[in-house]
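Take a look at the structure below.
The values are calculated or read from the model by the stated rules, or taken from the named source; none is laboratory data. Treat the numbers as computed from the prediction; the structure is a model and nothing was measured. In this analysis, Cβ positions are derived from the backbone assuming ideal geometry, glycine residues included, and neighbour counts consider all displayed protein chains. The area values use the complete protein model at the heavy-atom level, side chains included, leaving out ligands, DNA and RNA. Shrake-Rupley method; radii C 1.70, N 1.55, O 1.52, S 1.80 Å.
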Protein chains: 4
Amino acid sequence: MKLPLTGIIPPMVTPLLENMELDLDGLERLIEHLIEGGIHGIFLLGTNGEGPSLSYAIRKQLISEACRIVNKRVPILVNITDSSLDSALEIATHAKLSNADALVVAPPYYFPISQQEMTDYLEVLAPQLPLPFLIYDMPSCTKLHLSIKTIKRAKELGAIGVKDSSGDMTTFYQIIEEFKDFPEFSIIAGAEIFLSDTILNGGHGAVAGGANIFPRLFVELYEASCAKDLEKIRLLRQSIIKMHSTLYNLGNTSTKSIRAIKCALGIMGICSDHMAQPLSRYGAQNREKIREYLGQFEYEGYYKTSL
Amino acid sequence: MKLPLTGIIPPMVTPLLENMELDLDGLERLIEHLIEGGIHGIFLLGTNGEGPSLSYAIRKQLISEACRIVNKRVPILVNITDSSLDSALEIATHAKLSNADALVVAPPYYFPISQQEMTDYLEVLAPQLPLPFLIYDMPSCTKLHLSIKTIKRAKELGAIGVKDSSGDMTTFYQIIEEFKDFPEFSIIAGAEIFLSDTILNGGHGAVAGGANIFPRLFVELYEASCAKDLEKIRLLRQSIIKMHSTLYNLGNTSTKSIRAIKCALGIMGICSDHMAQPLSRYGAQNREKIREYLGQFEYEGYYKTSL
Amino acid sequence: MKLPLTGIIPPMVTPLLENMELDLDGLERLIEHLIEGGIHGIFLLGTNGEGPSLSYAIRKQLISEACRIVNKRVPILVNITDSSLDSALEIATHAKLSNADALVVAPPYYFPISQQEMTDYLEVLAPQLPLPFLIYDMPSCTKLHLSIKTIKRAKELGAIGVKDSSGDMTTFYQIIEEFKDFPEFSIIAGAEIFLSDTILNGGHGAVAGGANIFPRLFVELYEASCAKDLEKIRLLRQSIIKMHSTLYNLGNTSTKSIRAIKCALGIMGICSDHMAQPLSRYGAQNREKIREYLGQFEYEGYYKTSL
Amino acid sequence: MKLPLTGIIPPMVTPLLENMELDLDGLERLIEHLIEGGIHGIFLLGTNGEGPSLSYAIRKQLISEACRIVNKRVPILVNITDSSLDSALEIATHAKLSNADALVVAPPYYFPISQQEMTDYLEVLAPQLPLPFLIYDMPSCTKLHLSIKTIKRAKELGAIGVKDSSGDMTTFYQIIEEFKDFPEFSIIAGAEIFLSDTILNGGHGAVAGGANIFPRLFVELYEASCAKDLEKIRLLRQSIIKMHSTLYNLGNTSTKSIRAIKCALGIMGICSDHMAQPLSRYGAQNREKIREYLGQFEYEGYYKTSL
């Protein structure tokens, strides 16, 4: 695996059948859809992948199957975040056996913990990890917003990068500055809307949920950002902002974008759109709205090939 | 199991050796300590029991061993709360096989969910549970403060009671009023400081962390509350408030009372005081303070027998 | 003024005409309604009194007029909390000139400040106050939940008591214990639902918003609590809990109880129910519901005299 | 006043003497420092200007004096945000009389209010305003994060722009997109670190606290952003990020950047650095650190002229 990790690394949706088994055909189609779209890596079992909602058997099966299908065409990152250290290590071990490339670690998410407790946790966890890891800031789910000091300590303990889904760009820009002398340390935005800002300002990539739907849109925006082509950035960003104000904007649950992405993939015929509890797929009415919204994107032409 | 559940139901600490195996001798001593103290039930794998931090193997072993040792002398409640529905059901099934008496269910704790999503979750989960269940409000860890409407829906779906660890006594008192016509529905306080308020105002019991240390203190306070002996309540409550201002007041982590309880049990020679990540046991300095504090309680005489 | 302050001290609604002038006739009727109801003090310009929403001219006029009408029959407490120290002192000076009895001080409410900053603020403010003061914990509006240490420092700086509207009864009970050796220091609950708990456990009174509507209900509950008449407490508390689940439960604004109290006083013919921006009085539909709810209380008989 | 408002509009510090009177000499020096630095407008009585902490007499004097000194060389915006509508209108009237150019309105900041209550408030306030106004999103102080819908309603009620200090760039980018067809509606970033992102992505300017210290740095960054000179942006942004990790990073109060800016201006001999309660100026140790940090910027040369 070449460091730093760069580019578009979709937090891949986990295709599930109605009986909560893996939709293996859908998984294959989804992975090919992503790779054809030009993405640079795949992130398994993250928030968009409903990782913490799945049984461990399904988590392991997903890792094995995804690694088999991808077959090293792009790096695979596996989220091992868990309330239990043992369970995190169990998934880490399975990821290693399946030939995944890296692990991703957010704070254990039951107890509200402090920066110091997170650092102590990493000191126990990191030496036991069988693969390189990225540290993952996801305060809306874990209740802890990692400080720069904690991220620096993670780096000392071996972290090869940070995925920041905090939405706090003030700190994110300080993180980029903080690690600029370590060009192999990846700074990855967890929120797709900040993709171009991240690249223009010195970061390396984005774990973009929307890239599940429109991988090429995000890859093109990544490339335009690397090329500093401001006009192209402007045009492509408009579509992403439109995704936020349409597709991601149904209802008022905090997980509406996750629901929308899976629903869109179902409508596009890529994979089954069932979701693991406590999430559930959209009903007919929202499904119809998602279909309408998707249609609006088709006419813009950028990723017609995606559809 | 007689309904409603009443009395003192300690959220039992999970005794762990340094290698994170169960301290089986400690477990036996702890259970006998509690039962000799007169407690009315035992709650396994809750927040004080570090449930979400343990491996599933340890969780199952704890259930089996605790059920074997208790041998139906008091009811055993098992917390099955999990980010994954499948894992919750796995523990529920094991609890049933081990002859536990009831289950406890808080919201799945990774995604921030709404009241409606929690209700939907219960509608999927409840019919699959092999034992009666209590609904559990624990917003500081789960990010959702259950509404009265959600608790009412849980009751319709079969809940035999509610354990409220929200600290929100305004809502708690409304809950007591709401369910007063259902005398078999247990209203259980999750915060020990509210034990007498709960009983005097019509509730049924408390899941009192401190009862791990001083079971008789809490049992006596429960009995004094049932007897409406205000003078005895006043005296016993002072000790509990003193526990908050001494034992539970070291450092500034949100889990300081959990650490203190386990540390005290270690000092008292009842069980090993190792903790599962992301918590960790107190160092020498805090340990010494806990010892001093414990000494102050001895001289008050109420629960000298506990020590 | 006799210390400690005890009993029922309603946070008096500020009667306003449609043109936002004081409803002086209403003010007179409201004060007589409260005093006839047996209340032990009146708290002006608090959260229920919409203090921070009023012009300074109206605040001063209210103080003057209320002091004139009350004419020392009960002590008058004046909330001087303000984002500006100078404005707080201006109201304090006016309160002194009007012969009010005490002041009430919460944290200045624009900047989010720390415990240390609040202590520093009190060290500047307290020596300049022309009247005794109570410290006021109101985190939902001020963004700071006062620590016990801060309250102790306030006492050293001259505070004669604390009014706790935090809803955090765990800390409140520790506060009662903390100050039990200072019998002249008043511990006043800011949430009416905790009135009996407060008195039974050693506190002194309550700033009960609902006492604007039903002063005698709260006075009777206070007296029953002092007399430790548990059966009477039980009966009276039911009405207060019913107020929460009916009158205070319309809509989903955080200020719904404040709106309901003023609306009820309007319906009862006591005073005009206009409100200062950003609050506004209930429309016809909610007004009708409040009327219905009020009717349900009449039939319980306890405070028919109030209506 | 030309619309849209664009460029660097410092939230000007309010220079105060130890006796809390205005430092008029300092005010004059500060305004000349800003105008010489090339700023495009001045924002009075904002969060950095400690507006809500000042007496109304000082607020009015500051407006009068600043308008006199600026003498229409740049537009002056006056923050009228207040917990009281009347007091907001009083300052608005004074601003009009003093020949200020526009007003700025955030939610009234005592009661926690809803989007609907804010909209209702604007419907009452807006028609009474004697000058154009911008809507101001400042959730950390006001407890309400304005929705896009609320901002749209403010525009319908006459708002000429929005100043967004929420730190929530996801919404901010949607706001830019939402109003792109209204080129006279100003989209102003409230956080200086987002200046270049704002301009590159279609916004108009920044209310940059740090421009009090280094106006030219921010003006140059604004100009580089308008010119899409990415290399110059990169260099200048580094200094701003460095301000965050040095000057703005002392202690752990939420107001540390406000303290630092005033302290720096004191060290630079521009104005007195006393602060209104509840803030207070840094002590000798932090002051010395600020001096050291300032020295580090001198050597970078960009704004040596500022020092």
The one condition in (1) more than 11 Å from chain B (Cβ to nearest Cβ); (2) in a helix (DSSP H, G or I) that C:Pro183 fails to fulfil
(2)
Any residue that is farther than 22 Å from B:Ala102 by Cα, touching a helix residue (DSSP H, G or I) at 6+ places or on another chain (Cβ under 9 Å) and open to solvent by 10 Å² or more (accessible area, probe 1.4 Å) - is there at least one of those in the range B:156-164?
no
Residue hits (the range A:187-202; open to solvent by less than 10 Å² (accessible area, probe 1.4 Å) and either under 18 Å from A:Val104 (Cα atoms) or modelled with pLDDT under 95 (or both)) are A:Ile187, A:Ile188, A:Ala189
What number of residues within the range B:84-106 satisfy the criterion of being in contact with a Cys (Cβ under 9 Å, 6 or more places away or on another chain) and within 7 Å of chain A (Cβ to nearest Cβ)?
0
Please specify each residue of the range A:115-143 satisfying the condition of being within 10 Å of chain B (Cβ to nearest Cβ) and among the aliphatic types (A, V, I, L, M).
A:Met118, A:Leu122, A:Val124, A:Leu125, A:Met138
Matching residues in the range C:110-155 (under 19 Å from C:Asp168 (Cα atoms), in contact with a Gly (Cβ under 9 Å, 6 or more places away or on another chain) and assigned to a loop (DSSP other than H, G, I, E, B)) number 1
Name the single residue, out of those in the range B:205-230 being open to solvent by less than 10 Å² (accessible area, probe 1.4 Å) and within 23 Å of C:Ser225 (Cα to Cα), that is nearest to the other protein chains (Cβ to nearest Cβ).
B:Ser225
Note on the range C:48-57: residues closer than 16 Å to C:Ala211 by Cβ and open to solvent by 10 Å² or more (accessible area, probe 1.4 Å) are C:Asn48
Selected residue (criterion: farthest from C:Ala227 (Cα to Cα)) from residues of the range C:187-204 that are more than 8 Å from chain B (Cβ to nearest Cβ), part of a helix (DSSP H, G or I) and among the hydrophobic types (A, V, I, L, M, F, W, C)
C:Leu195
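Being under 22 Å from C:Ile8 (Cα atoms) and outside any helix (DSSP H, G or I) is true for just one of C:Ile270, C:Ile261. Which residue is that?
Values: C:Ile261 fails: outside any helix (DSSP H, G or I).
Residue meeting the stated conditions: C:Ile270.
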Residue under question is A:Gln174, and the condition is that it be out of contact with any Lys or Arg (no Cβ under 7 Å at 6 or more places or on another chain), among the polar types (S, T, N, Q) and facing another protein chain (nearest Cβ under 7 Å); does it hold?
yes
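Kindly indicate whether D:Val105 is closer than 29 Å to C:Asn19 by Cα and aliphatic (A, V, I, L, M). First the steps, then the outcome.
Numbers: closer than 29 Å to C:Asn19 by Cα: yes; aliphatic (A, V, I, L, M): yes.
Answer is yes for this residue.
Please state which one of D:Pro139, D:Pro127 is surrounded by fewer than 18 Cβ atoms within 10 Å (Cβ to Cβ) and under 18 Å from the mean Cα position of the chain (by Cα).
Working: D:Pro127 fails: under 18 Å from the mean Cα position of the chain (by Cα).
None of the other options fit; the residue is D:Pro139.
Residue by residue, here is whether (1) open to solvent by 10 Å² or more (accessible area, probe 1.4 Å); (2) at pLDDT below 95; (3) more than 22 Å from C:Pro127 (Cα to Cα); (4) of a type outside the set (Phe, Trp, Tyr) holds:
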site: C:Pro11; (1), (2), (3), (4): no, no, yes, yes
site: C:Arg29; (1), (2), (3), (4): yes, no, yes, yes
site: C:Ile42; (1), (2), (3), (4): no, no, yes, yes
site: C:Thr93; (1), (2), (3), (4): yes, no, no, yes
site: C:Leu97; (1), (2), (3), (4): yes, no, no, yes
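Residues are listed down the side, and each one gets a yes or a no for (1) part of a helix (DSSP H, G or I); (2) within 13 Å of chain D (Cβ to nearest Cβ); (3) among the hydrophobic types (A, V, I, L, M, F, W, C); (4) touching a residue at least 12 places away in the same chain (Cβ under 8 Å):
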{"site": "C:Arg29", "(1), (2), (3), (4)": "yes, no, no, yes"}
{"site": "C:Ile35", "(1), (2), (3), (4)": "yes, no, yes, yes"}
{"site": "C:His40", "(1), (2), (3), (4)": "no, no, no, yes"}
{"site": "C:Pro52", "(1), (2), (3), (4)": "yes, yes, no, yes"}
{"site": "C:Ala57", "(1), (2), (3), (4)": "yes, yes, yes, no"}
{"site": "C:Cys67", "(1), (2), (3), (4)": "yes, no, yes, yes"}
{"site": "C:Lys72", "(1), (2), (3), (4)": "no, no, no, yes"}
Just the residues that are in contact with a strand residue (DSSP E or B) (Cβ under 6 Å, 6 or more places away or on another chain) and outside any helix (DSSP H, G or I), please, taken from the range D:166-176.
D:Ser166
Hey, does the range B:238-248 have a residue that's within 14 Å of chain A (Cβ to nearest Cβ), of a type outside the set (A, V, I, L, M) and in contact (Cβ under 8 Å) with a residue 40 or more places away in the chain?
no
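Could you say whether any residue in the range D:17-26 is at pLDDT 95 or above and crowded, with 24+ Cβ neighbours inside 10 Å? Spell out the reasoning first.
So the first thing to find is which residues in the range D:17-26 are at pLDDT 95 or above, and the list is D:17-26.
Next cut, crowded, with 24+ Cβ neighbours inside 10 Å only: none.
No, because not a single residue in the range D:17-26 is at pLDDT 95 or above and crowded, with 24+ Cβ neighbours inside 10 Å.
Could you pull out the residue among A:Lys60, A:Lys2 that is within 18 Å of the chain's Cα centre (by Cα) and surrounded by fewer than 20 Cβ atoms within 10 Å (Cβ to Cβ)?
A:Lys60
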Please determine whether any residue of the range B:250-263 is touching an Asp or Glu at 6+ places or on another chain (Cβ under 9 Å), farther than 24 Å from A:Ser114 by Cβ and aliphatic (A, V, I, L, M).
no
Is the range B:74-83 home to any residue that is surrounded by fewer than 21 Cβ atoms within 10 Å (Cβ to Cβ) and either within 13 Å of chain A (Cβ to nearest Cβ) or among the polar types (S, T, N, Q) (or both)?
no
Scan the range D:250-276 residue by residue and report those that are in contact with a strand residue (DSSP E or B) (Cβ under 9 Å, 6 or more places away or on another chain), open to solvent by 10 Å² or more (accessible area, probe 1.4 Å) and of a type in the set (Gly, Ala, Ser).
D:Gly266, D:Ser272
Out of B:Asp197, B:Asp164, I need the residue that is without any contact (Cβ under 8 Å) to a residue 60 or more places away in the chain and more than 19 Å from B:Val78 (Cβ to Cβ). Which one?
B:Asp197
Do the conditions hold for A:Gly205, that is, is it free of Cβ contacts under 8 Å to residues at least 60 places away in the same chain, of a type outside the set (Ser, Thr, Tyr) and touching a strand residue (DSSP E or B) at 6+ places or on another chain (Cβ under 7 Å)?
no
